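Laboratory data are not the source of any read-out in this text; all were calculated from the coordinates shown. Fair warning: this is a prediction, and the values are worked out from it, not measured in the lab. A quick note on method: Cβ atoms are made from the backbone with ideal geometry, for glycine too, and the neighbour counts reach across all protein chains shown.
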Amino acid sequence: MTAIDRAAKADLLRRIGEERILVKDGPYGSMIQSYRLDEEGFRAGRSFNHDQKGNNDLLNLTRPEIVGEICNAYIDAGADLLATNTFNANAISLADYGIAGMAREVNLAAARVIRACADRATEARPEKPRFVVGALGPTNKTLSVSPDVNDPGFRAVSFDEVKGIYREQIDGLLDGGVDFILIETVFDTLNAKAALVALDEAGEARGEVLPVMVSMTLTDLAGRNLAGQTVEAFWHSVRHAKPITMGLNCSFGATELHPYVNALNPKVDSMLCVYPNAGLPNELGQYDEPPEMTAKLVRGWAESGWLNVVGGCCGTTPAHIKAIAGAVAGIKPRRWRTLPPALRLSGMEAASFL
């Protein structure tokens with residue numbers, strides 16, 4: 001594979017982001033569920049010591065044609081940014097399926113599948129380049145909160161352990177050809193910091209500054225993550241990494257996210273990226289918000305001048321992404337500006353001193 005100039009890709013993304021609102025793809029999980037795969041459907045003839053049904057990340061290795069089909073559906077829907085199917089492709093999460101040692105292999109395969117799809121789409125339409133984003137989920141461990149109510153100081157993992165598993169995942173994604181790294185669905189700020197340190201170390205080892213996108217998720221309607229931080233406080237915590245996009249994903253639908261997108265808009269001196277769920281889940285955990293409703297809500301954000309990148313999270317489909325792309329087409333993107341120098345601190349709340 002030809003070496004990727006990731007700095008040039010980041011500059012290109014910013015230039016396009018000054019001209020129009022870019023569209024990110026949707027999730028893989030709900031799309032994979034639509035294939036109704038059984039245990040053998042996930043294994044595809046390979047032997048494992050644990051059950052693999054539900055291990056969506058494994059499909060990058062065993063059923064790459066399914067991952068490619070989903071990616072191409074998002075491309076056809078109008079997505080510019082295409083994320084890898086690697087939300088749980090880290091050694092901590094893969095350990096639940098007994099394949100922690102396959103993390104690098106899974107990430108390498110995932111990146112190659114999406115890279116091939118994106119390159120074909122870009123070759124077919126050079127005026128609409130597609131970008132490959134290596135997705136890092138939050139893992140199923142937290143560095144900020146004890147899992148033992150009787151021992152508040154206990155942590156199931158250490159910072160260095162989390163940093164190490166992220167480094168392995170990042171290296172696999174980079175070797176597979178991603179343009180950027182996306183640290184998404186951040187519910188724990190310390191986990192995100194471990195990922196950022198791992199990214200910085202990976203870049204130093206490669207002699208390049210690696211572009212990163214960061215996306216926070218809210219755990220309650222008070223607008224805080226699991227670590228207790230507000231959206232502005234979280235931004236202060238990660239702003240030093242100079243992400244090319246900062247934003248929100250998952251959490252809720254666009255209706256519930258509305259005030260927090262509004263709150264971030266004037267505070268962020270990078271591109272703003274938001275990808276909400278298809279509304280709130282029903283009593284069965286399913287998402288009922290139709291594409292036209294999600295698109296209508298997102299269009300309101302665009303018309304308010306809040307968006308540079310927009311896509312979909314839980315429950316959204318290629319139909320949602322197509323509707324979103326149509327809804328924001330022709331609307332001027334958000335103009336981000338350089339913030340004045342200030343001392344910006346963060347605890348649970350943000351504090352700024354000009």
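Across I183, I70, I32, mean-square fluctuation computed from a Gaussian network of the chain (C-alpha pairs under 10 Å connected) peaks at I32. Of the DSSP beta bridges with both residues in the chain, give the percent that are antiparallel, rounding to the nearest 5. Restricted to the chain, the bridges split so that about 20 percent are antiparallel.
For the stretch 253-354, a simple Cβ point-charge model (Lys and Arg +1, Asp and Glu -1, everything else neutral) yields a dipole of about 580 debye relative to the Cα centre. Seen from every direction in turn and averaged, the convex hull around the alpha carbons of the stretch 43-196 projects onto 9.9 nm².
For the chain, the residue among S158, P341, L272 whose Cα projects farthest onto the positive side of the dipole built from Cβ charges is P341.
A P(r) calculated from all alpha carbon pairs of the stretch 218-258, with 10 Å bins opening at zero, reads 27, 54, 19 percent.
The stretch between T338 and E303 holds 10.4 nm of extra length on full extension. This uses 0.36 nm per residue minus the Cα-Cα distance.
Quick check: convex hull of the Cα atoms in the stretch 132-268, volume per residue, rounded to a whole Å³? Write down the numbers at each step before the final one.
Details: hull volume 14.9 nm³, N = 137.
Cα convex hull per residue, to the nearest whole number: 109 Å³.
Take the Cα of A3, step 7 Å toward its Cβ, do the same at E105, and the gap between the two points is 3.0 nm.
So which of K296/K322; K53/K322; K24/K322; K267/K322; K9/K193; K24/K163 end up more than 20 Å apart by C-alpha? Exceeds cut-off: K53/K322; K267/K322; K9/K193; K24/K163. Stokes-Einstein diffusion of the stretch 168-220 at 37 °C, 0.692 mPa s viscosity, Kirkwood radius from Cα pairs, rounded to a whole number: 282 µm²/s.
In terms of other Cβ atoms within 10 Å, R130, R167, R337 run from fewest to most in the order R337, R167, R130.
Simple spin-label estimate for H240 and N140 gives 3.2 nm between the two label positions (7 Å along the Cα-to-Cβ direction from each Cα). Here the average projected area of the convex hull drawn through the C-alpha atoms of the stretch 192-310 stands at 8.2 nm².
Taken over the Cα atoms of the chain, the convex hull encloses 141 Å³ per residue.
What size of dipole, in debye to the nearest 20, comes out for the chain about its Cα centre when the only charges are +1 on Lys and Arg C-beta atoms and -1 on Asp and Glu C-beta atoms? It would help to have the intermediate numbers written out before the result.
On the way: 36 positive and 43 negative charges, 209 e Å.
For the chain, the charge dipole is close to 1000 debye.
Grab the DSSP H runs of the chain that are 4 residues or longer, score each as -39,500 (n - 2.57), total them, divide by all residues and round the 222 nm result to the nearest 500 deg cm²/dmol. If you can, show how the numbers build up before the last one.
On the way: 13 runs with 147 residues, N = 354.
For the chain, the value works out to -12500 deg cm²/dmol.
Using a Gaussian network model on the chain with a 10 Å cutoff between Cα atoms, which of L58, L307, L143 fluctuates the most? Comparing L58, L307, L143 in the GNM, the peak value goes to L143.
For the stretch 1-123, the spherically averaged projection of the C-alpha convex hull amounts to 8.5 nm².
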